[in-house]
Amino acid sequence: MTVHSFEEHFEEKLDKDIAIEPRDWMPDTYRKTLIRQISQHAHSEIVGMLPEGNWITRAPSLRRKAVLLAKVQDEAGHGLYLYSAAETLGVSRDELYDQLHSGKAKYSSIFNYPTLTWADMGAIGWLVDGAAIMNQVPLCRTSYGPYARAMVRVCKEESFHQRQGFEIMLTLSNGTEVQKKMAQDALNRWWWPSIMMFGPPDAESPNTEMSVRWKIKRFTNDELRQKFIDVTVEQTKILGLEVPDKDLKWNEERGHYDFGAIDWAEFWNVVKGNGPCNKERLETRKKAWEEGEWVREAAAAYAEKRKKKAGEQQAA
Amino acid sequence: MSQQTAEHKSEWPLWEVFIRSKAGLDHKHAGSLHAADAQMAIENARDVYTRRMEGVSIWVVESKYIHTSDPDESASMYEPANDKIYRHPTFYNLPDELKHM
């Protein structure tokens, strides 16, 4: 086949919703876009463990602690599913880690905000995981097979993350005056960053158009953001809390909530590395990787020794 | 399934994981992971792929030992089956009153 017919065959598969698999021909930019998106996603899962890890030892009850541990363990798992999906595109795990640790690769900016109170565990589960789910559900049908399969697994597991978060918020909202205030404060601090999680507006998102055409993305940033706001505002009413947006208003004509202007300067500032916790997150992550080096080496040496021994026994 | 392109010395080898979700069913490919040896691959597979009782049995095999057919040759590879629709039961035109067949 000529390059031209390879490309035609690829486009034809996309049109028919036939998944692209690792060894199939694909355009270089499709491969690069996928590696970037999947690895960013994997890095986000891994760095995403840090703000919550902060609260494991201080969870208010054994039940909450067991739940938070399970959630953080899931995030490690999600990172691993995604890294292995990215590896099917010909990039190595070491390269991916290196991109994260050197700051070359990005992860979701939301994890560069601090977790100040226990209520933040509620707000993160409810809002951050909620926004992530909104983003991820359509990705279960993304055109690249290994990514789609990883996302199916992630989405199945993620639902408990959001529910446990809402439960924390509900308990605090129904608690003492101080507890309710704590819940409102967490909502105030996490609302806008959560809305920004969907990424820049469509008009300023250079990758969106191509990604939608290639069926990597199924909806645009703005479509998903609107959907998230519409469902989350209703959920806030159950908590009896207030969304920190004075311009928020139901628009009968559009059938959606109108919302206030998003501070994109803040978003880009955090993306560029100037958020409250960027440095701390990356340093913690690098420290964990470096301090684990002797473990990785010891395990490899042990495996080598056992292989050798088995070889000698066979020879004897 | 993953392909390892370059040599990465510090990296543990890549393993493919297959999981039997319950007795009576086939092992099915679940994904891949890195591990120093087979035992660690099985233990890691348990933690990564069966946190919610998804499996009763795990197979692992180093990815480099898996050989695959070439997708670019699919057309000629599966061509022999194309014109043999008589291998399917629906190929045979039989009267409606015929039962239990």
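Taken over the range B:2-67, the percentage of Cα pairs per 10 Å bin, counting from 0 up to the bin with the maximum distance, is 22, 51, 22, 4. Taking the Cα centre of the range B:2-67 as origin and assigning +1 to Lys and Arg Cβ atoms and -1 to Asp and Glu Cβ atoms, the resulting dipole is close to 300 debye. B:Ile42 sits among other residues whose Cβ lies under 14 Å from its own Cβ, and their net charge, with Lys and Arg +1 and Asp and Glu -1, is -3. Counting Lys +1, Arg +1, Asp -1, Glu -1, what net charge surrounds A:Arg218 among other residues with beta carbon under 13 Å of its beta carbon? Overall, the nearby charge balance is +3.
Sequence-distant contacts, meaning Cα pairs under 8 Å at least 6 residues apart, place the relative contact order of chain A at 18 percent. Packing, taken as the mean count of other beta carbons within 10 Å per residue, orders the peptides B:70-76, A:48-54 from highest to lowest as A:48-54, B:70-76. Considering helices alone, the calculated mean residue ellipticity of chain A at 222 nm is -21500 deg cm²/dmol, with DSSP H runs of length four and up weighted by -39500 (n - 2.57) and normalised per residue. Pairs exceeding a 30 Å alpha-carbon distance, out of A:Lys71/A:Lys272; A:Lys32/A:Lys246; A:Lys215/B:Lys28; A:Lys308/B:Lys64; A:Lys106/A:Lys156: A:Lys32/A:Lys246.
For the residues of A:81-94, the average number of beta carbons from a partner chain within 10 Å of their own beta carbon is 6.
The length gained on full extension between A:Arg36 and A:Leu62, counted as 0.36 nm times the residue separation minus their Cα-Cα distance, comes to 5.5 nm. If a/c stays under 1.5 just call it rounded; otherwise compare a/b with b/c (prolate if a/b is bigger, oblate if not). Do that for chain A, with a ≥ b ≥ c from the square roots of the Cα gyration tensor eigenvalues. Oblate. Per-residue shielding of A:15-22, expressed as the average number of other chain Cβ atoms within 10 Å of the residue Cβ, stands at 1.
Each peptide in A:71-77, A:140-146, A:282-288, A:248-254 gets a packing score, the mean of other Cβ atoms within 10 Å over its residues, and the list from highest to lowest is A:140-146, A:71-77, A:282-288, A:248-254. Going from the residue with the fewest nearby Cβ atoms within 10 Å to the one with the most, A:Tyr83, A:Tyr97 rank A:Tyr97, A:Tyr83. Inter-chain neighbour count for A:177-190: the average number of beta-carbon atoms from partner chains within 10 Å of each residue's beta-carbon is 0.
Given only helices, namely DSSP H runs of n ≥ 4 each adding -39500 (n - 2.57), what is the per-residue ellipticity at 222 nm of chain B, to the nearest 500 deg cm²/dmol? After summing the helix terms and dividing by residue count, I get -6000 deg cm²/dmol.
Any read-out appearing in this document is the output of simple, stated calculations on the displayed coordinates, not a laboratory observation. Keep in mind the model is a prediction, meaning the values are calculated, not measured. Note that each Cβ is placed from the backbone with ideal geometry, even for glycine, and that neighbours are counted across all protein chains shown.
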